[in-house]
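Take a look at the structure set out below.
Please treat every number below as a calculation from the coordinates, not as lab data. The structure presented is a predicted model; accordingly, all values stated were derived computationally and were not measured. Glycine also receives a Cβ, built like all others from the backbone with ideal geometry; neighbour counts cover every protein chain displayed.
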Amino acid sequence: MLQELSIKNFAIIDEIHVSFEKGLTVLTGETGAGKSIIIDALHLLMGGRGSSEFVRHGEKKAEIEGLFDLTPEHPCYLRSSEFGIEIEDGMLILRREISHNGKSVCRINGKLVTISILREIGSTLVDIHGQHEHQELMDESRHLSLLDQFGGEKIANALMNYREIYTTYVKILKKINDLKLNEQQIAQRLDILQFQAKEIQNADLKLNEDEQLLAERKQLANFEKIYASLKASYEGLQGEKAGLDYIGHAMGHLESAAELDDKYSEAYETTANSYYLLEDISTQIREGLENMEFDPDRLNEIEGRIHEINQLKRKYGGTIEEILEYGAKIEEEMETLTNREARIDELERKLDSIKKDLAVEGKYLSKLRKQIAEILSTSIHRELKGLYMEKAIFKPVFTLDEKPHIEFKKDGIDEVIFYISTNPGEPLKPLSKVASGGELSRIMLALKTIFSKHQGITSIIFDEVDTGVSGRVAQAIAEKIAKISQHSQVLCITHLPQVAAMSDTHFLISKKEEFGRTKTHLTKLQKNQKINEIARMISGAEMTELTREHAKELLEIAGTIKNT
């Protein structure tokens, strides 16, 4: 749920910090007090389009920050991990700053993100509904996934089985299409592959050859230094003032001492071992000096070979192993292209077999969806009846059923569009074509009552979706919004006293002029204040004792309904 919201220097809002709770929260107030501005701020926090016009006049930037408390199974965890965003203790903080020049800075849990990532994450957290906006439920491309969500685990398992086969189907189809390129493209591709294969073969590369060449080049390039160092070392051991002679002399005297006193035996043995070890080393140095021979031609040869290997690395891979792997890969591709007719026949036979399996899984998935669609229709009709639209007919229509051939797609073989007829005798029409404001509000609430249980959205926001209704319909809408709040946190801007009476938390939004500037204020109402505000909503400008009694009655009725 949305736990806290902070807004600073946004439109006519100077600074607001508010804590929200579970259930239904309503925001009421006079027209122009700033109710919709708060929803605009939330919309921007979810990745909506920003503008410098949102920045309060005279300020450098607007700041919006929201803290969300997530359940362990919330879909936001998976989406966040895709973008490398860590969520600790179920807390997620979204922050957006809009400067006076229109630039935006977005952060999620302190990490800088793009607006598109903010929008991706925000879509899992908040669902904002305004009366005149295109909503998710009005988006026909979303209807199939909404039906699948309603179907739950049964649909999810069938869809997973279908997609496993579909992935293989797409891969084989791509291979066939690649092989069916025109003759000229294939001939050009073969020429390129043959050139590359010949170049790699002629190089006659050996694993780790480059490392060995670099070591040998280093040795040849430093021949004089190595020779001089070895010669000086040998002179030090075996020259005119040979170190070995002095050590041998010391060894002889220590041996005499050890024969007379055992405590010098260890010193003698250590000196003797060192002498013979250094003698072996001096022999190795002498042999090394005798065998050393500088070959400038070999150095040039190594330089040329290293250059050749580096050229191949730039073309075919960063290491000799990768170059050889690439060579094997293009050999296989050349064989496939050379014998492509046979390869195409083989793949097409395989594709036919896959298509049969895919058709079986697709038809089974479609059958399940049609069963779920019947259950969904019954549920929607029940909700619409409670909103005094008992004559309305809702039906998910499978639009591809009339086509003679099955079309395989990522989500199955179905396309679904929600159709509705709101009055007897009228034909079913796509839901997106329903334009009546009052009807649209009720249809949307009926659908939202059903889908709020399945979508996993943290918070649902209704921005005056109850406009254009009154009387018993207003009461029904109030009850539906309260029902939705049992499954998701609901924030609702309303002008209906019936909706305000059903709230668990009630905020009054007002604006005041301070020091020549207009500021928006947000006040959490206690019981008596709530009665006064609902009375104002009933009566308008003038509030009487009768309207207060009516407000109390509304609250009592709301309490009874919520308790039952």
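For the chain, the relative contact order comes to 22 percent (Cα pairs under 8 Å, sequence separation of at least 6). Dividing the Cα radius of gyration of the stretch 185-249 by 2.2 N^0.38 Å, with N the residue count, gives 2.39. Could you give the semi-axes, largest first, of the ellipsoid that matches the chain, computed as the square roots of 5 times the alpha carbon gyration tensor eigenvalues and rounded to whole Å? Rounded to whole Å, the semi-axes are 77, 40, 23.
Between Ser145 and Glu255, how high is the FRET efficiency from 1/(1 + (r/R0)^6) when r is the Cβ-Cβ distance and R₀ = 60 Å? Nearest 0.05. The value I calculate is 0.05.
Rg and Dmax of the stretch 1-157, both derived from C-alpha coordinates alone, stand at 16.7, 56 Å. Close amide H partners of Gln3, meaning residues 5 or more places away or on another chain with modelled amide H under 5 Å apart, are Leu67, Phe68, Asp69. Full extension of the segment from Arg49 to Arg472, taken as 0.36 nm per residue of separation minus the current Cα-Cα distance, would add 148.5 nm.
If you take the beta carbon distance between His495 and Lys409 as r and set R0 to 41 Å, what does 1/(1 + (r/R0)^6) give as a FRET efficiency, to the nearest 0.05? Each step should come with its number before you reach the end.
On the way: r = 44 Å, r/R0 = 1.07.
Working from the Cβ atoms, E equals 0.40.
Once you treat every alpha carbon in the stretch 194-353 as an equal point and sum by Debye, what is log10 I(q)/I(0) at q = 0.15, 0.21 Å⁻¹? Cα-only, vacuum Debye calculation for the stretch 194-353: -0.92, -1.21.
Candidate cross-link partners of Lys231 among the lysines, defined by an alpha-carbon separation under 16 Å and a same-chain spacing of 8 or more, comprise Lys241. Neighbour counts of other Cβ atoms within 10 Å put His43, His495 in the fewest-to-most order His495, His43. Annotation for Ser6 and Thr523: the two label points, set 7 Å from Cα along the Cα-Cβ direction, are 2.5 nm apart.
Listed by chain and number, the lysines placed with their C-alpha closer than 16 angstrom to that of Lys61 are Lys8, Lys103; residues fewer than eight positions away on the same chain are left out.
Other residues whose C-beta falls under 14 angstrom from the C-beta of Ala342 contribute a net charge of +1, scoring Lys and Arg +1 and Asp and Glu -1.
For the pair Lys350 and Glu514, the difference between a 0.36 nm per residue extended length and the Cα-Cα distance amounts to 51.4 nm.
Rounded to the nearest 20, the size of the Cβ-charge dipole of the stretch 137-279 about its Cα centre is 1440 debye, with Lys and Arg at +1 and Asp and Glu at -1. Taking the charge dipole of the stretch 182-227 about its Cα centre, with +1 at Lys and Arg Cβ atoms and -1 at Asp and Glu Cβ atoms, the residue from Leu220, Gln194, Gln184 reaching farthest to the positive side is Leu220.
Across the stretch 149-157, computed HN-Hα scalar couplings (Karplus, 6.51 cos²θ - 1.76 cosθ + 1.60, θ = phi - 60°) run 4, 5, x, x, 5, 4, 5, 4, 5 Hz from first to last residue, x flagging Gly and Pro.
The stretch 320-379 and the stretch 294-319 have Cα centres separated by 44 Å. If you wrap the Cα atoms of the stretch 62-132 in a convex hull and average its projected area over all directions, you get 5.7 nm². Considering the dipole of the stretch 1-120 built from charges on the beta carbon (Lys and Arg +1, Asp and Glu -1) around the Cα centre, which of Phe54, Thr71, Met91 is farthest to its positive end? Positive-most Cα among the choices belongs to Phe54. With the convex hull drawn around the C-alpha atoms of the stretch 323-399, the volume per residue stands at 157 Å³. Peptides 524-532, 220-228 ordered by packing proxy, namely the average of other Cβ atoms within 10 Å per residue, highest first: 524-532, 220-228.
Run down the lysines and flag those whose C-alpha is under 20 Å from the C-alpha of Lys175, throwing out any fewer than 8 positions away in its chain. Partners within reach: Lys329, Lys350, Lys355, Lys356, Lys409, Lys410.
Is the C-alpha gyration tensor of the stretch 19-96 telling us rounded, prolate or oblate? Criteria: a/c under 1.5 is rounded; beyond that, a/b larger than b/c is prolate, otherwise oblate. Oblate shape, in that a/c is at least 1.5 and b/c is the bigger or equal ratio.
Close amide H contacts of Gly48 (hydrogens built in the peptide plane, cut-off under 5 Å, sequence separation of 5 or more or a different chain): none are found. When each of the peptides 253-264, 299-310 is scored by how many other beta carbons lie within 10 Å of its residues on average, the order from highest to lowest is 299-310, 253-264. Computed from phi, the 3J(HN,Hα) profile of the stretch 312-325 under the Karplus parametrisation 6.51, -1.76, 1.60 (θ = phi - 60°) reads 5, 4, 5, 8, 10, x, x, 9, 4, 4, 5, 4, 5, 5 Hz, with x in place of Gly and Pro. Between the amide H of His129 and those of Ile461, Phe462, Asp463, distances stay under 5 Å, these residues lying 5 or more places away or on another chain, with hydrogens modeled in the peptide plane. Note on the chain: with charges restricted to the Cβ of Lys and Arg (+1) and Asp and Glu (-1), its dipole about the Cα centre is near 4520 debye.
Angle between the Cα long axis of helix 35-45 and the longest principal axis of the chain, 0 to 90 degrees, nearest 10? Between the helix axis and the principal axis of the chain, the angle is about 20 degrees. Computed over the stretch 341-450, relative contact order equals 25 percent, with contacts defined as Cα pairs under 8 Å that lie 6+ residues apart. Express in whole angstrom the spacing between the alpha-carbon centres of the stretch 472-512 and the stretch 1-71. The distance from the Cα centre of the stretch 472-512 to that of the stretch 1-71 comes to 18 Å.
In degrees, nearest 10, range 0 to 90: what is the angle between the Cα axis of helix 471-484 and the longest Cα principal axis of the chain? With both axes taken from Cα atoms, the answer is about 20 degrees.
Which FRET efficiency value, to the nearest 0.05, is calculated for Phe294 and Met334 with the Förster distance at 35 angstrom and r the Cβ-Cβ distance?
Calculated value: 0.20.
For the chain, the longest principal axis of the C-alpha atoms and the axis of helix 527-539 are separated by about 60°.
Taking the charge dipole of the chain about its Cα centre, with +1 at Lys and Arg Cβ atoms and -1 at Asp and Glu Cβ atoms, the residue from Ala482, Ala535, Val360 reaching farthest to the positive side is Ala535. Give the percent of DSSP beta bridges with both residues in the chain that are antiparallel, rounded to the nearest 5. Approximately 75 percent, going by the DSSP bridge assignments. Put simply, when 327-335, 119-127 are sorted by average Cβ atoms within 10 angstrom per residue, most first, you get 119-127, 327-335.
Taking every alpha-carbon pair under 8 Å whose residues sit at least 6 apart, the stretch 43-141 reaches a relative contact order of 33 percent. Stretching Tyr77 away from Arg343 to a fully extended chain increases their span by 91.4 nm, per 0.36 nm per residue minus the current alpha-carbon distance.
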